[in-house]
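The values are calculated or read from the model by the stated rules, or taken from the named source; none is laboratory data. Only a predicted model underlies this, so the values are computations on that prediction, with no experimental measurement involved. When we count neighbours, we look across all protein chains shown, and the Cβ atoms used for this are built from the backbone with ideal geometry, even at glycine.
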Amino acid sequence: MLENVGLTVASRVILSGLTLTLTEARIGIVGRNGSGKTSLLRLLSGLVPPSSGTVRVDGLDPARARKAMLSRLGILFQNPDHQIIFPTVAEELSFGLHQQGMTKSAAQTAMRAMLAQHGRSHWEDRPVTALSQGQRHFLCLLSVLAMKPATILLDEPFAGLDLPTQSRLTRTFDALPQRLILITHDPAALAGYDRIIWLEEGRIRADGPPSTILPDFTAEMARLGEVDADTDLPD
Ligand SMILES: Nc1ncnc2c1ncn2[C@@H]1O[C@H](COP(=O)(O)OP(=O)(O)OP(=O)(O)O)[C@@H](O)[C@H]1O
Ligand SMILES: [Mg+2]
């Protein structure tokens with residue numbers, strides 16, 4: 001999917017030399033704050049075009065083929081407030097479905113089914129602003145799941161969610177037939193994954209199965225945690 005991709009923003013190199021073919025069903029992305037995880041996700045989803053190299057999803061450029069991406073890629077952003085565009089829960093959930101070609105009434109039925117399935121039917125008419133940050137995060141996730149995209153990109157989906165919601169979400173993810181690409185700081189969440197990509201300063205530091213990558217990653221994070229200040233980072 002990625003061929004020698006680089007991303008430079010305001011003359012700063014954010015990502016460089018990334019060549020990746022992402023075909024496994026469960027892919028985890030790890031790395032320190034600022035290592036480029038979210039930037040990689042933005043490239044994959046076509047939200048930003050690469051400064052060099054090419055990004056392809058099923059042979060298409062995701063930055064151009066916006067409509068074709070609706071069924072191919074779903075993204076859960078790190079910050080729900082960058083994602084929500086509608087005033088009520090019902091509108092937020094129905095919009096994507098309608099965009100995908102469902103009639104308004106079919107989208108409404110699917111929206112209600114989604115809320116019911118997750119025990120959130122009472123949210124339907126709520127203003128989004130009346131939800132807590134964790135609840136808004138969960139709403140964004142429901143919007144993505146409702147659209148059933150072939151690949152789901154998740155940027156720290158567990159952040160800010162209470163433990164029961166996290167456990168349920170893990171079970172929901174495990175049961176999904178779709179490909180998941182999950183960014184997380186929690187190695188335990190990636191134990192059963194097929195492949196782990198470890199980013200460091202915009203490059204791939206390691207790429208392989210969790211049994212080889214995660215112990216090294218965990219040890220390195222612990223080692224850095226022992227040091228009082230970051231003297232190794234560019235900013
Ligand atoms: N729009 C932008 N303009 C300038 N620099 C940016 C921009 N977006 C990201 N960066 C820089 O790119 C680098 C990678 O950021 P990115 O958000 O991809 O990191 P991350 O791995 O997702 O970090 P975190 O774990 O904190 O979410 C950081 O150094 C950040 O400062
Ligand atoms: Mg990030």
*asked:* So residue 149 ticks every box in (1) within 16 Å of ligand 2 (Cβ to nearest atom); (2) surrounded by 20 or more Cβ atoms within 10 Å (Cβ to Cβ) but one. Which box is left unticked?
replied: (1)
*Scan the stretch 157-203 for residues that are among the aliphatic types (A, V, I, L, M) and assigned to a strand (DSSP E or B) and jot them down.*
180, 181, 182, 183, 196, 197, 199
*Considering the stretch 68-83 alone, what residues qualify as being at pLDDT 85 or above and within 15 Å of ligand 2 (Cβ to nearest atom)?*
75, 76, 77
*What pairs come up if the first residue lies in the stretch 68-89 and is of a type in the set (Phe, Trp, Tyr), the second is surrounded by 17 or more Cβ atoms within 10 Å (Cβ to Cβ) and part of a loop (DSSP other than H, G, I, E, B), and their beta carbons are under 9 Å apart, counting only those six or more places apart or on different chains?*
77/83
*Is it the case that some residue within the stretch 77-86 is out of contact with any Gly (no Cβ under 6 Å at 6 or more places or on another chain) and over 26 Å from residue 41 (Cα atoms)?*
no
*Residues (hydrophobic (A, V, I, L, M, F, W, C) and over 14 Å from the mean Cα position of the chain (by Cα)) located in the stretch 170-188*: 175, 176, 188
_Every residue in the stretch 1-42 that is of a type in the set (A, V, I, L, M), in contact with a Pro (Cβ under 9 Å, 6 or more places away or on another chain) and closer than 17 Å to residue 156 by Cβ, please._
30
*Taking residue 206, is it in a helix (DSSP H, G or I), over 17 Å from the mean Cα position of the chain (by Cα) and of a type in the set (Gly, Ala, Ser)?*
no
*Restricting attention to the stretch 1-20, report how many residues are surrounded by fewer than 16 Cβ atoms within 10 Å (Cβ to Cβ) and farther than 13 Å from residue 54 by Cα.*
5
*Any chance the stretch 127-139 includes a residue that's within 16 Å of ligand 2 (Cβ to nearest atom) and either surrounded by 14 or more Cβ atoms within 10 Å (Cβ to Cβ) or not polar (S, T, N, Q) (or both)?*
yes
*asked:* Considering only residues that are farther than 17 Å from residue 17 by Cβ and within 12 Å of ligand 1 (Cβ to nearest atom), which ones fall in the stretch 36-47?
replied: 38, 41, 42, 47
*Identify all residues within the stretch 10-46 that are within 14 Å of ligand 2 (Cβ to nearest atom), without any contact (Cβ under 8 Å) to a residue 60 or more places away in the chain and out of contact with any strand residue (DSSP E or B) (no Cβ under 8 Å at 6 or more places or on another chain); write none if there are none.*
33, 42
*Pairs where the first residue, in the stretch 99-117, is closer than 10 Å to residue 146 by Cα and the second is among the hydroxyl-bearing types (Ser, Thr, Tyr), C-beta under 7 Å, 6+ apart*: 107/94; 111/94; 115/121
_Residue list for the stretch 66-90, restricted to those being more than 16 Å from ligand 1 (Cβ to nearest atom) and surrounded by 18 or more Cβ atoms within 10 Å (Cβ to Cβ)_ = 69, 73, 74, 84, 89, 90
